[in-house]
Amino acid sequence: MDKMKLGAKPPQLVLPVVVMGANVEGKPNYCTVAWVTIIDDDPPAIGLVLGKGRRTMDGARENGTFSVNVPGTASAAAVDHCGLVSGHKQDKSEAFTAFYGVLGTAPMAKECPMNAECRLRNIVEFEGTNLVVGDVVELYVDRDCLVDGKPDARKIDPLLYVMLGGPYLSMGDKVADAFKVGKDFQGKRPAGQCGHR
């Protein structure tokens with residue numbers, strides 16, 4: 001395998017796209033975020049990395065709450081719009097149909113098949129970004145996206161983003177069962193290159 005040096009830059013990861021929602025001065029605002037991760041599963045916490053000066057962050061600070069909305073691929077245009085347009089310059093309250101849960105101040109997008117209602121835990125400041133950490137207070141999922149009472153990724157059809165600069169993708173085929181496929185691995189090197197088998 002011939003490796004090429006590309007310099008100090010982020011790897012080209014494929015990440016789920018989410019839409020962060022927060023009330024700003026009493027009105028819903030939405031921001032597209034692709035740099036998202038689970039911080040902990042018990043109690044559940046989620047982290048979003050946002051650029052400085054995001055209007056949605058003003059709302060998260062104002063209320064101490066925000067939402068993380070997982071859009072399906074059908075919402076690509078609305079999701080992209082919320083990433084292209086600044087809430088400081090344009091009202092994005094109509095981009096999605098807002099609904100509220102137990103916290104009462106974190107607008108969630110009805111059009112997104114899965115929504116996490118979060119209480120702001122803390123904000124970690126970096127030079128060009130902020131890591132926003134929220135505790136998940138409640139998870140909402142469209143009934144038709146559940147299988148045996150659990151969210152089903154195929155039914156949710158999450159929108160994926162290729163760093164940096166796109167495109168957006170949908171999920172591919174199942175490769176293997178996590179926490180099972182490696183049980184019989186004998187230390188043999190995989191045969192493929194660049195992810196191909």
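Where a number appears in this text, it was derived from the coordinates with a stated rule and is not lab data. All values reported here derive from a predicted model rather than from experimental measurement. Glycine gets a Cβ as well: all are built from the backbone with ideal geometry, and neighbour counts include every protein chain shown.
Side notes on the structure shown:
- Kirkwood hydrodynamic radius of region 88-158, Cα pairs, Å: 14.2 Å
- Between the listed residues ALA45, GLY87, VAL133, the Cα displaced farthest toward the positive end of the dipole of region 1-155, a dipole computed from Cβ unit charges relative to the Cα centre, is found at GLY87.
- The gain in end-to-end length when the LYS155 to LYS52 segment is fully stretched comes to 33.7 nm, 0.36 nm per residue minus the alpha carbon separation.
- Highest mean packing comes first when the peptides 71-84, 139-152, 170-183, 117-130 are listed by Cβ atoms within 10 Å, giving 71-84, 117-130, 139-152, 170-183.
- Within a straight-line Cα-Cα reach of under 26 Å, LYS89 can be paired with the following lysines, leaving aside sequence neighbours fewer than 8 residues apart in one chain: LYS27, LYS52, LYS110.
- Size estimate for region 17-151 follows the Kirkwood approach: the inverse of mean 1/r over distinct Cα pairs works out to 14.6 Å.
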